[in-house]
Amino acid sequence: MNSPSITQSAGDERCASGVVNLSATSSVGTTDWYDAAVGGTFLATGNTYAPTISVTTTFYAEANLGGGCVSPSRTAVLATVDNVNIGVTQTAFNELTADQSGATYQWIDCATSQPIAGETNQTFTATQDGSYAVSVSLGVCDELSACTDLLFAGLAEHTTDFISVYPNPTTGSVTIDLSNVEATTITIFNALGNEVHRANCTGESVVVDMKNHASGVYLVQVETNMGTVQQRIVKQ
């Protein structure tokens, strides 16, 4: 008599923790399920097995004719769990980056709930203020992030002769030369759009101490008689 064997099997794949549906068919007798290729723990009997798992797991099916007559080896049946990170990090004034790498992306305009044409990279650069989310696809997972507001994406960076900021980059203080304009206030924002410095203008120049600020890109915004002027500076 030929030994019993597993003639066909099928694994399953799911997004995040939950139930997977596995199957294995014996040539004769029943199918027994184990957690190891040899020895291990007996789990269930039947052509189907539906365990609850949180990580990718391999189960093993064994054909059992009874009386100690089993298949020479067990058949591995893979249950795959895909997990996707839907976090989003603001990496510049007008830039968002999906935290999950190696996936497929589609950025969404939260105001309309519609995909933004052509925006399928991990990093998205906004051209105007708004609220944005990203759909991240990985394996069988297709998850949508929360919306993130960009409040400074629409600020144009004006390269003008009206103001100058130096030294740029800087490791300490910067001087903002206002000799060509009538300026009222200076505000400096970090890359997340948070205000880190504000000063009233009382002369033709303002010196700002940046030594205690983290390295990165900052936006200098000056209210003048010529309108609002912005210029980026780099703190090293």
(request) Would you mind finding the one in Ala44, Ala63, Ala79, Ala37 that is of a type in the set (Gly, Ala, Ser) and not in a strand (DSSP E or B)? (result) Ala37
(message) Can you list residue pairs whose Cβ atoms sit under 6 Å apart, with the first residue in the range 94-105 being within 25 Å of Gly193 (Cβ to Cβ) and the second being part of a loop (DSSP other than H, G, I, E, B) and hydroxyl-bearing (Ser, Thr, Tyr)? Count only pairs 6 or more apart in sequence or on different chains.
(response) Tyr105/Thr120
(message) Looking at Ser145 and the list (1) under 15 Å from the mean Cα position of the chain (by Cα); (2) polar (S, T, N, Q); (3) exposed (fewer than 15 other Cβ atoms within 10 Å of the Cβ), which single condition is not satisfied?
(response) (3)
(message) Of all residues being among the β-branched types (Val, Ile, Thr) and more than 18 Å from Leu151 (Cα to Cα) in the range 84-115, which is nearest to the chain's Cα centre (by Cα)? Just the residue, please.
(response) Ile86
(request) Go through the range 57-99 residue by residue and tally those that are of a type in the set (Val, Ile, Thr) and either at positive phi or exposed (fewer than 14 other Cβ atoms within 10 Å of the Cβ) (or both). (result) 2
(request) Can you tell me which residue within the range 173-182, out of those that are more than 30 Å from Gln90 (Cα to Cα) and crowded, with 20+ Cβ neighbours inside 10 Å, is nearest to the chain's Cα centre (by Cα)? (result) Leu178
(message) Condition check: within 19 Å of the chain's Cα centre (by Cα), farther than 30 Å from Ser9 by Cβ and of a type outside the set (A, V, I, L, M, F, W, C). Does Glu119 satisfy that?
(response) yes
(message) Yes or no: the range 34-56 includes at least one residue that is touching a Gly at 6+ places or on another chain (Cβ under 6 Å), hydroxyl-bearing (Ser, Thr, Tyr), within 30 Å of Ser3 (Cα to Cα) and surrounded by 15 or more Cβ atoms within 10 Å (Cβ to Cβ).
(response) yes
(request) Please work out which one of (1) in a strand (DSSP E or B); (2) over 30 Å from Thr45 (Cα atoms) is the condition Gln100 fails and give its number. (result) (1)
(request) With the checklist (1) at pLDDT 95 or above; (2) within 30 Å of Asp129 (Cβ to Cβ); (3) not β-branched (Val, Ile, Thr) in hand, flag the one item Ala24 doesn't pass. (result) (2)
(request) Please find, within the range 189-215, the residue that is nearest to the chain's Cα centre (by Cα) out of those that are in a strand (DSSP E or B) and surrounded by 13 or more Cβ atoms within 10 Å (Cβ to Cβ). (result) Phe189
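The values are calculated or read from the model by the stated rules, or taken from the named source; none is laboratory data. Quantities reported herein were computed from a predicted structural model and do not represent experimental measurements. All Cβ positions, glycine included, derive from the backbone under ideal geometry; neighbour counts span all protein chains shown.
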